[in-house]
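Here's the structure we're looking at; comments come further down.
The values are calculated or read from the model by the stated rules, or taken from the named source; none is laboratory data. All values reported here derive from a predicted model rather than from experimental measurement. Reconstructed Cβ throughout: ideal geometry from the backbone, glycine too, with neighbour counts over all protein chains shown. Accessible surface areas use protein heavy atoms only, side chains included; no ligands, DNA or RNA. Shrake-Rupley method; radii C 1.70, N 1.55, O 1.52, S 1.80 Å.
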Amino acid sequence: MSVNKQHIVIVTSEFPPQPGGIGNHAYNLALHLSQQDFDIHVLADQRSQTGKEEEIFDKQLPFNVTRIKRQDFRFKMYINRVLLTRNKIKKASFIIATGKFSLWNVGFLSMFRTIPTIAVIHGTEVNFKSFFLRKSIDSALKQFNKIVAVSNYTKALVAHLNKTIEVIPNGINLQDWQASHNTEVELQGQPVLTTVGRVSERKGQLNVIKQLPELIKKFPQLHYHCIGIPTQADAFMQEAKHLDVSNYITFHGSVDAQHLKSMLSKTDVFVMLSSEDKTGDVEGFGIAILEANALGVPAIGSKGCGIEDAIKVNKSGELIDYHNATQFINALEQIITHKKTYQVEAKQWAKHHDWSNIVKDYMRLMT
């Protein structure tokens, strides 16, 4: 490590190649800080059974990654996390913690060290229904020098801490979403509505399905496409059959990146009507919206969650109450009527969130 470089340790509960929004954020933060001549070291869990996937992935990175080995005895893994983190942060200029256990881990160690710390909060980890979990996260966050929330919604979840919270939105790698893609894919529907994300209460596919009986009265050729791990697809399809709208829905499951881009390029409106589930799991931002925007696809998203920061109203898309079919119809009409304008604005909004811009806000916090 050069004596002139700041040494940043990022402690994260998720990291690629396994999926997860927190991991995607941590990866891009590490990558773009390293490109700005920071010395980056990432501490992350081994999430695969053997660790081979992580080993192959980590060798290709321009920064160092240390994985906490998977243990059948979870408590031992927790202890190893703390001990390894304590060892790795000794010479750090800054520590950035992201994800539930990372907040506990670094918050605890901060009681014994004076290294500057930054907590990044996404949503669910500060919205637990359990009193004990909420208080434990609050206690950890109080130990941090600075706190970053990925949306104003997430910021509001910790307003009771009476600490200064910086809002820095999630970003995308714009170049990845401007690459060429196969446009031979055809999607049924006029208009084509698409949601990308694990099929779950949090991502809101069921909220869309519940509005379809009213939507198809106005748009009888409409078709709704769901792309992502089909966790609750069977249960949601049963609801669709009950509502007599199953013929208007297709669950595609997971697709590769090129196929996803092709499907989005044939989409008229991206839809994410996320809502909080009974455990407190909530959408802290909605990165998939920006990815669709980068391809010129405007979005309709739900109010009352982090999606409010991911959509520029009347520009990149519209915000609605997820249970209000009239608002949904009006928003859809507005976008379809002025489609070209929304497409241009969506691309501009995505460009604003390119990681080359987002990383500058994090650099500012470390000066």
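Of the residues contained in region 69-76, one or more are found to be open to solvent by 30 Å² or more (accessible area, probe 1.4 Å), in contact with a strand residue (DSSP E or B) (Cβ under 8 Å, 6 or more places away or on another chain) and not acidic (Asp, Glu).
Residues in region 12-31 that are under 18 Å from residue 281 (Cβ atoms), open to solvent by 20 Å² or more (accessible area, probe 1.4 Å) and not in a loop (DSSP other than H, G, I, E, B): 21, 22, 24. The listed residues are 5, 91, 76, and the only one of them that is of a type in the set (Lys, Arg) and in a helix (DSSP H, G or I) turns out to be 76. Of all the residues in region 322-341, those that are open to solvent by 10 Å² or more (accessible area, probe 1.4 Å) and in contact with a helix residue (DSSP H, G or I) (Cβ under 6 Å, 6 or more places away or on another chain) number 3.
Kindly indicate whether any position in region 216-228 is in contact (Cβ under 8 Å) with a residue 12 or more places away in the chain, over 24 Å from residue 333 (Cα atoms) and either touching a helix residue (DSSP H, G or I) at 6+ places or on another chain (Cβ under 9 Å) or surrounded by fewer than 19 Cβ atoms within 10 Å (Cβ to Cβ) (or both). Checking region 216-228: at least one residue is in contact (Cβ under 8 Å) with a residue 12 or more places away in the chain, over 24 Å from residue 333 (Cα atoms) and either touching a helix residue (DSSP H, G or I) at 6+ places or on another chain (Cβ under 9 Å) or surrounded by fewer than 19 Cβ atoms within 10 Å (Cβ to Cβ) (or both).
Pairs linking a residue in region 129-142 that is within 11 Å of residue 158 (Cα to Cα) to a residue that is at pLDDT below 90 and among the aromatic types (Phe, Trp, Tyr), with Cβ atoms under 9 Å and 6 or more positions apart or on different chains, are 134/128; 137/128.
Going by the conditions given, is residue 224 at pLDDT 95 or above, aromatic (Phe, Trp, Tyr) and farther than 26 Å from residue 345 by Cβ? So residue 224 does not fit the description; no. Output the residues belonging to region 282-313 that are in a helix (DSSP H, G or I) and in contact with a strand residue (DSSP E or B) (Cβ under 7 Å, 6 or more places away or on another chain). Across region 282-313, the qualifying residues are 287, 288, 289, 290, 291, 292, 293, 294, 307, 308, 310.
Quick check on residue 124: is it crowded, with 21+ Cβ neighbours inside 10 Å and either out of contact with any strand residue (DSSP E or B) (no Cβ under 8 Å at 6 or more places or on another chain) or in contact (Cβ under 8 Å) with a residue 24 or more places away in the chain (or both)? Taking the combined requirement at face value, the residue satisfies it. Selection of region 32-47 for residues being outside any strand (DSSP E or B) and open to solvent by 10 Å² or more (accessible area, probe 1.4 Å) yields 32, 34, 35, 36, 37, 38, 46, 47.
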